[in-house]
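K.L.:
A single structure is presented below for examination.
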Amino acid sequence: MAVPFLDLSAQYLSIQQEISSAIEEILHSHAFIKGPSVTKFETMFSEYLGSKHCVGVGNGTDAIFLTLKALGIGHGDQVITVPNTFIATSEMISATGAEIVWADIKTDTYLMDISSLDSLITEKTKVLLPVLLYGNVPDMETLSKYAKDKGLYLVADAAQAHGAKWNQQHITDFVDAATFSFYPGKNLGAYGDAGAVVTNNAQIAEKIRMLADHGRKEKYVHQLEGYSSRLDSLQASVLSVKLPHLGEWNSLRQQKALLYSENLRHIPEITLPASLSQSDHVYHLYVIRVRGYRDELVKHLKERGIQTGIHYPLPLPFQPAYEKKMWPEDLSRLSYTKQIADEILSLPIFPEMTNEQVKEVCDAIHSFFIKIRR
Ligand SMILES: *Cc1c(COP(=O)(O)O)cnc(C)c1O
């Protein structure tokens, strides 16, 4: 039995009828941009997160950029983020003209290490930008207190963490803004590019809305120069159909994760995903660490038709794009991130995955370790 890393068709089939009529409705209304379906989704998503405002934008990358711009970030400012994320996070810091400062990560959760921040903060630091990597949640309460204490904005890159909570509270409660991606493979995925910013701050929301639509509030009045990054109506209508299922889909992911952990916990070379007890991890990815044999295990699984991923094989500060900007001291400080990048392995996980498929992956992993011990 082959196990794909992700299977979007099973989910589509389960909501096919609703999707078709939602799309039909938009086609008949021909309100493709800024139509009522966008407002409807924005309202639904902010309500889902118990938050005041949601601004739909073109994608999750723009969500980060527009948030930083709305906060006034630019040349001469520094933004602290993590080295083990998708490049969108850091790219958009640079796109504003600000400087990226790389925080250390925790050895168990691989999330931002709050204790590393003191030594990184300067008078130029304006924003803390933690990433809810894999759907896991850092200590939002401490981060929020810390940011307030230091007079910094706290923005969460929640592209992988729709619906994740800290201590039973939505993560949006703790931040100035949280950015989301609805890239098709994310926990809440559109059928194309889409993104959003969620905030409790009306001014931030209004500024982002203007920036995302050529700096205007009214059709022919441009308050400022902006950008073109709007959530389109077709994607919004797809997201409105999918959102009511998100809670169930997240708990199905959590069940698969639990099943994996039960099955893999006795293998000494494997470290299971760790999260703090207050973190309601939504398992966008189920990532284990394999000491010594990662690449051999990938090959073994591939031969059995099991797809895996690595998120991410080369941490950003070590990427060619950043090579020239890095100091040797920083690279050696971040060596832990580099080390775990050689050990992490993302196993297949998606809500519609069957328990048999999880077992299949676990059996294949067990057979690998039996083989190497012979
Ligand atoms: C997916 C992702 C993004 C970017 O989202 P897009 O919608 O693809 O632009 C940003 N940050 C993280 C951590 C992501 O996983």
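The values are calculated or read from the model by the stated rules, or taken from the named source; none is laboratory data. Because the structure is a prediction, the values reported are computed rather than measured. Positions of Cβ are generated from backbone atoms using ideal geometry, with glycine treated the same way; all protein chains shown enter the neighbour counts. Protein only, heavy atoms only, side chains kept; ligands, DNA and RNA dropped before computing areas. Shrake-Rupley method; radii C 1.70, N 1.55, O 1.52, S 1.80 Å.
K.L.:
Which helices (runs of 4 or more DSSP H) does region 1-91 wholly contain that include 1 or more residues that are farther than 30 Å from Pro348 by Cα and basic (Lys, Arg)?
P.N.:
Per the criteria, 36-48, 60-70.
K.L.:
Just wondering, is there one or more residues in region 149-166 that are open to solvent by 20 Å² or more (accessible area, probe 1.4 Å) and either of a type in the set (Lys, Arg) or within 16 Å of the ligand (Cβ to nearest atom) (or both)?
P.N.:
Scanning region 149-166 turns up at least one residue that is open to solvent by 20 Å² or more (accessible area, probe 1.4 Å) and either of a type in the set (Lys, Arg) or within 16 Å of the ligand (Cβ to nearest atom) (or both).
K.L.:
Hey, another quick one. Thr122: surrounded by fewer than 17 Cβ atoms within 10 Å (Cβ to Cβ), in contact (Cβ under 8 Å) with a residue 60 or more places away in the chain and either within 15 Å of the ligand (Cβ to nearest atom) or over 16 Å from the mean Cα position of the chain (by Cα) (or both), yes or no?
P.N.:
Taking the combined requirement at face value, the residue does not satisfy it.
K.L.:
Right, here's the next one. Residue check, Ala103 against (1) among the small types (Gly, Ala, Ser); (2) within 15 Å of the ligand (Cβ to nearest atom); (3) over 21 Å from Lys338 (Cβ atoms), all met but one. Which one?
P.N.:
(3)
K.L.:
Looking for something open to solvent by 40 Å² or more (accessible area, probe 1.4 Å), farther than 30 Å from Ile349 by Cα and of a type in the set (Ser, Thr, Tyr) - is there at least one such residue anywhere in region 234-254?
P.N.:
No, there is no match, as no residue in region 234-254 is open to solvent by 40 Å² or more (accessible area, probe 1.4 Å), farther than 30 Å from Ile349 by Cα and of a type in the set (Ser, Thr, Tyr).
K.L.:
Which is aromatic (Phe, Trp, Tyr), under 19 Å from the mean Cα position of the chain (by Cα) and either more than 15 Å from the ligand (Cβ to nearest atom) or under 26 Å from Val282 (Cα atoms) (or both), of Tyr220, Tyr191? First the steps, then the outcome.
P.N.:
Numbers: Tyr220 fails: under 19 Å from the mean Cα position of the chain (by Cα).
Exactly one of Tyr220, Tyr191 is aromatic (Phe, Trp, Tyr), under 19 Å from the mean Cα position of the chain (by Cα) and either more than 15 Å from the ligand (Cβ to nearest atom) or under 26 Å from Val282 (Cα atoms) (or both), namely Tyr191.
K.L.:
Another one. List every residue pair whose Cβ atoms lie under 6 Å apart, where the two residues are 6 or more positions apart in sequence or sit on different chains, the first residue falls within region 79-103 and is within 17 Å of Ala63 (Cβ to Cβ) and among the hydroxyl-bearing types (Ser, Thr, Tyr), and the second residue, located anywhere, is open to solvent by 20 Å² or more (accessible area, probe 1.4 Å) and within 15 Å of the ligand (Cβ to nearest atom).
P.N.:
Matching pairs, first to second residue: Ser90/Ile100.
K.L.:
In region 20-77, which residues are of a type in the set (Ser, Thr, Tyr) and either open to solvent by 60 Å² or more (accessible area, probe 1.4 Å) or more than 23 Å from Thr172 (Cβ to Cβ) (or both)? Break it down stepwise before answering.
P.N.:
Keep residues of region 20-77 that are of a type in the set (Ser, Thr, Tyr), which gives 20-21, 29, 37, 39, 43, 46, 48, 51, 61, 67.
Residues satisfying the conditions are Ser20, Ser21, Ser29, Thr39, Thr43, Tyr48.
K.L.:
Scanning for something polar (S, T, N, Q), more than 17 Å from Ile64 (Cβ to Cβ), in contact with a helix residue (DSSP H, G or I) (Cβ under 7 Å, 6 or more places away or on another chain) and open to solvent by 10 Å² or more (accessible area, probe 1.4 Å), does region 103-116 turn up at least one residue? So that I can check it myself, show each step before the final result.
P.N.:
Step one: of region 103-116, the residues polar (S, T, N, Q) are 107, 109, 115-116.
Next cut, more than 17 Å from Ile64 (Cβ to Cβ) only: 107, 109, 115-116.
Subset that is in contact with a helix residue (DSSP H, G or I) (Cβ under 7 Å, 6 or more places away or on another chain): 107.
Remaining after also requiring open to solvent by 10 Å² or more (accessible area, probe 1.4 Å): 107.
For region 103-116, residues polar (S, T, N, Q), more than 17 Å from Ile64 (Cβ to Cβ), in contact with a helix residue (DSSP H, G or I) (Cβ under 7 Å, 6 or more places away or on another chain) and open to solvent by 10 Å² or more (accessible area, probe 1.4 Å): present.
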